[in-house]
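The values are calculated or read from the model by the stated rules, or taken from the named source; none is laboratory data. As the structure is a computational prediction, the values presented were derived from the model and not from experiment. Cβ coordinates were reconstructed from backbone atoms using ideal geometry, including for glycine residues, and neighbour counts include every protein chain displayed. SASA here: full protein model, heavy atoms, side chains in, ligands and nucleic acids out. Shrake-Rupley method; radii C 1.70, N 1.55, O 1.52, S 1.80 Å.
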Amino acid sequence: MRTRWLAGGAAIAVLAASGCGAGGGPPAGPQKQPAYLAEADTGLPEGGRLDLQIHVDSGAATGLDPQGADTATSWQLMSLVYETLVTVGSDFDPEPGLAEKWEQPSPTKYVFHLRDDVEFSNGRAMTADDVVGSMERLLDGSATWKGQLGPLKSVDKVDAGTVEFTLDRPYTPFLAALANVPAAVLPMKEVADGSVDPAKDMLGTGPFVMAKHRQDVSWRFDRNEHYWADGAPALDGIDISVAPQGSTRIAGLQDGSSGMAILDNVDAPQVLKGARDVEVGTQATTDFFYLMLNTKAAGSKFADKRVRSAVNIAMDRQLMADAGTGGLGSPTAVTPAGLPGACDPAELPAAKEDLDRARKLLEDAGAEDLSFKLAIYSTEPAPAIAQVVQQNLEKIGVTVDIQQLDEGSWADEVYGASPAKFDAALSWFAGYADPAMVGQWWNPESAGFNQGFMTPDPALDKAIDTAVSEPEGKGRAAALEKLCAAVDADAQMIPLVTRPLIVGYRKDAVSPSLYGTEGYGNALRLAADFRAAK
Amino acid sequence: MRFASWWIGRVASAAGTLLGVSVLIFAAVRFMPGGYAQIVLGPFATPGERAALAARYGLEDPLVVQYGRWIASVGRGDFGTSLLSKEPVAAELVQRLPVTAELAVLAAVAAVLVGVPLGVLTAVRSRDGGGAAAGRLASGLGVSVPEFVLGSLLVFVFSRYALGLTVGGYVPFAADPGANLRAMALPATVLAVAATTAVARTTRDAVMNVLTEQYVTAAVARGEPPWFIVRHHVLRNAAVPVVIVLTVITASLLGGALIVEYLFDLPGVGSYIVQAVGRRDYAVVQAGVLLAATVFILMNVIADFVVGVVDPRLGAAARNGGV
């Protein structure tokens, strides 16, 4: 049975204590986050449904197949239906999921002991064959997440309740990578006989079953009557409507037409201040914004490392966190702020330099009058962060022309050609649950998506490989420091500030459980514990 | 014979217009920057995956071939498959059309119920200087305030003070009529303001025109009461331009009130098209715009028919090529 938490009154106290309530207040980065933003009141009766509004629907080319899900939104929705062998706790430690325990007999072997009471929502018991088949399907396919599972070589059934994973070489983030939705256990018997097509059907072991989905409009999830955890899910179901406009989601909370909403506007806590029965909290995430400098465009000034270093030195991450994210985000290095073992961004080499040094680098590179276009899309809070970038660079004499594009035009600028067309661009990464995971995207040869604008850096690649293979301990701490320094020196993709996830809910509608910090952008991770308040 | 040839001409003209629209929209979506592959597959897709997607939907074929294939499918009633949802576009349009239609009907009804009496009143009282100035100011504001400005204002105000209405949170009428109307009231109001202004102005001009006719002067001379003159002599003769403007307004609303649906998160045809444009979902954009054009043209044909019924002289003149 899943761990149960304190009564809901504590949730309000936690929100108030963290400064994350509707009142705004001083900057509250992940380091200040409590373990839980809210904890469901287990004194409330089971039953009832939740009306939830989200800003964007899952839209992967692979449809509803969890293995092809490559965005936080997809992970969030699919986590209601699918589960993984392990999950992550509030402190990012791996916790039992579909595996009740595991051991690591050698640096390259993991043995998982499966729960014996797990059934898919059609009533069929989950088997070791489902686990093996799911992982082999993932390894044989072209899913993005395969890259995050690292050097996974094989998955073998030991007996009916035991599965062994073998890696080619040590890979410390393995359990964290295994804890995300793309590594979920699928009903492989049904997939094999064709009765279930994961791209169109959702059949998992999770707390809910998908009853209905209309793309970009709504989802209906009902309770999975075969769910293995006693007393869970507490809700009868969740009705999700896709409401792209932040203003309507805020209005829905105020007028009571929705019980909970995921909000992307960093001003939402202020806007909802004083709203009756509405609670707003900021879930820190490990997701972070980064600045891309195109070194491959013909005649690009950014091909000169001195110019990139000057830009990096000028970045005032604290100002970005304060002004760009309304004090809800945190400065970060490539190891996402909020994760255990993450580097201190204030200790990065570039952060210790001053603006005179940046000006000197530009002068040495013959780029005193540097001006460039910064391509961004309109999703909050990217425009505000871009403005801070613009102001930062103005101080060293660099002129930035911000180009706010629709998603299609932005993607065309950044990914549409090789070499890519843009000068500089702003985007964000999901930060995941281990400090070395996201750093792997800094190797263009293995990441792929950035080959059009990023030049390989052998020193950086080596630092990435060391950071993911070094076991926990002092050696890993040193490896992470080296990774942060290498990314800082390379400065082709410059980490800036974390991306907060704002969650609003009505106290008279739901009592939720929410981690203080989330690695996979999944505010519904603990949805099985939510209680309806009416 | 003349009647039949007139109708054949109208249908041929409509078909030609639709064909032109189909070519324009087909070309327009393909010349937009940013392709389907970046949007649908995302940045991590391999060249092989991009090629497979293109092959599946025939997106690398010459544009002429793609157009021919699409228009032939449309002729068979197949509007294609959404690149994103993998579902038939026609099925989604059928689900969304009632939302748009309800919005259009609510706005049109409000425009008639408010706009026609207002137009008559301002025409009859046109010599009242203050009233006329106020009327001109109101109609000027109604026409010139953009939908997104008025809509944003209502979203802001009613988010704070709901007054029993909801911002967004659409519920189908069949599921809960009360909740449906509470959600539709604000977007319908935004659309109704401009429509009401147009109807009121048209009614006013038409009524003032009719009031100068000799038969009205004769009616006054006979001592008929004002309300009787308006009802029996003025309204019927002033109806033609009002019917035409109302038809045009309704037709444009039925094609999807893009901004209002998007602003209030209504799952209608308009928001479907807006989202599809953002995602370069070609089949959806093409089908949505073609549907809007079809509705618009159809409503204009209906307007011709209705005008002929309301004023047989105009109908006959049109069929004879006089109007």
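Based on this model, can you work out whether B:Arg10 counts as away from chain A (no Cβ under 14 Å) and either touching a Pro at 6+ places or on another chain (Cβ under 8 Å) or of a type outside the set (A, V, I, L, M) (or both)?
It is true that B:Arg10 is away from chain A (no Cβ under 14 Å) and either touching a Pro at 6+ places or on another chain (Cβ under 8 Å) or of a type outside the set (A, V, I, L, M) (or both).
Using the structure shown, decide if A:Ala211 is at negative phi and buried (at least 18 other Cβ atoms within 10 Å of the Cβ).
For A:Ala211, the condition - at negative phi and buried (at least 18 other Cβ atoms within 10 Å of the Cβ) - is not met.
When only residues in the stretch A:408-437 that are of a type outside the set (A, V, I, L, M, F, W, C) and under 20 Å from the mean Cα position of the chain (by Cα) count, which is nearest to A:Ala384 (Cα to Cα)?
Among those residues, the one meeting the criterion is A:Ser427.
Among the residues of the stretch B:54-68, is any at positive phi, more than 11 Å from every other protein chain (Cβ to nearest Cβ), surrounded by fewer than 16 Cβ atoms within 10 Å (Cβ to Cβ) and at pLDDT 85 or above?
no
Anything in the stretch B:1-37 that is more than 26 Å from the chain's Cα centre (by Cα) and either open to solvent by less than 30 Å² (accessible area, probe 1.4 Å) or modelled with pLDDT of 90 or more (or both)? List them, or say none.
Of everything in the stretch B:1-37, those that are more than 26 Å from the chain's Cα centre (by Cα) and either open to solvent by less than 30 Å² (accessible area, probe 1.4 Å) or modelled with pLDDT of 90 or more (or both) turn out to be B:Gly34, B:Gly35, B:Tyr36, B:Ala37.
Filter the helices (runs of 4 or more DSSP H) completely within the stretch B:1-75 down to those with at least 3 residues that are under 18 Å from B:Phe296 (Cβ atoms) and in contact with a helix residue (DSSP H, G or I) (Cβ under 8 Å, 6 or more places away or on another chain).
Result: B:2-31.
For A:Trp441, are the conditions met, namely being within 14 Å of chain B (Cβ to nearest Cβ) and under 27 Å from A:Leu361 (Cβ atoms)?
yes
Kindly check whether there is at least one residue in the stretch A:471-486 that is within 28 Å of A:Ser142 (Cα to Cα) and part of a helix (DSSP H, G or I).
Yes.
Out of all the residues in the stretch B:178-192, which are surrounded by fewer than 21 Cβ atoms within 10 Å (Cβ to Cβ) and more than 14 Å from chain A (Cβ to nearest Cβ)?
B:Thr189
Tally time: how many residues in the stretch A:198-231 are within 25 Å of the chain's Cα centre (by Cα), among the aliphatic types (A, V, I, L, M) and away from every other protein chain (no Cβ under 14 Å)?
4
Could you tell me which residue of the stretch A:36-63 is nearest to B:Tyr170 (Cα to Cα), considering only residues that are out of contact with any strand residue (DSSP E or B) (no Cβ under 9 Å at 6 or more places or on another chain) and touching a residue at least 40 places away in the same chain (Cβ under 8 Å)?
Ranking the qualifying residues of the stretch A:36-63, first place goes to A:Gly59.
I'm trying to understand the selection: among the residues of the stretch B:76-125, which are over 18 Å from B:Leu290 (Cα atoms), open to solvent by less than 40 Å² (accessible area, probe 1.4 Å) and not in a helix (DSSP H, G or I)?
Matches in the stretch B:76-125: B:Leu84, B:Ser85.
For a quick check of your reading: which helices (runs of 4 or more DSSP H) sit entirely within the stretch A:342-394 and have at least 3 residues that are in contact with a Gly (Cβ under 8 Å, 6 or more places away or on another chain) and in the same structural domain as A:Asp412 (by the TED database)?
A:382-394
Within the stretch A:353-396, can you find the residues that are touching a helix residue (DSSP H, G or I) at 6+ places or on another chain (Cβ under 8 Å) and of a type in the set (Lys, Arg)?
Of everything in the stretch A:353-396, those that are touching a helix residue (DSSP H, G or I) at 6+ places or on another chain (Cβ under 8 Å) and of a type in the set (Lys, Arg) turn out to be A:Arg357, A:Arg359, A:Lys395.
Could you please let me know if A:Val111 is at pLDDT 95 or above, part of a loop (DSSP other than H, G, I, E, B) and over 26 Å from the mean Cα position of the chain (by Cα)?
no
Within the bounds of the stretch A:397-420, is there any residue that is free of Cβ contacts under 8 Å to residues at least 24 places away in the same chain, within 13 Å of another protein chain (Cβ to nearest Cβ) and either of a type in the set (S, T, N, Q) or within 23 Å of A:Asp322 (Cβ to Cβ) (or both)?
Checked the stretch A:397-420: at least one residue is free of Cβ contacts under 8 Å to residues at least 24 places away in the same chain, within 13 Å of another protein chain (Cβ to nearest Cβ) and either of a type in the set (S, T, N, Q) or within 23 Å of A:Asp322 (Cβ to Cβ) (or both).
A quick yes/no check of all residues on (1) over 19 Å from the mean Cα position of the chain (by Cα); (2) polar (S, T, N, Q); (3) modelled with pLDDT under 95:
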residue: A:Gly439; (1), (2), (3): no, no, no
residue: A:Ile464; (1), (2), (3): yes, no, no
residue: A:Glu481; (1), (2), (3): yes, no, no
residue: A:Val487; (1), (2), (3): yes, no, no
residue: A:Met493; (1), (2), (3): no, no, no
residue: A:Leu496; (1), (2), (3): no, no, no
residue: A:Asp508; (1), (2), (3): yes, no, no
residue: A:Ser511; (1), (2), (3): yes, yes, no
residue: A:Ala532; (1), (2), (3): yes, no, no
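Return the residue satisfying two criteria in turn: it lies in the stretch B:159-177 and is open to solvent by 30 Å² or more (accessible area, probe 1.4 Å) and in a helix (DSSP H, G or I), and of such residues it is farthest from the other protein chains (Cβ to nearest Cβ).
Only one residue tops the list, namely B:Pro177.
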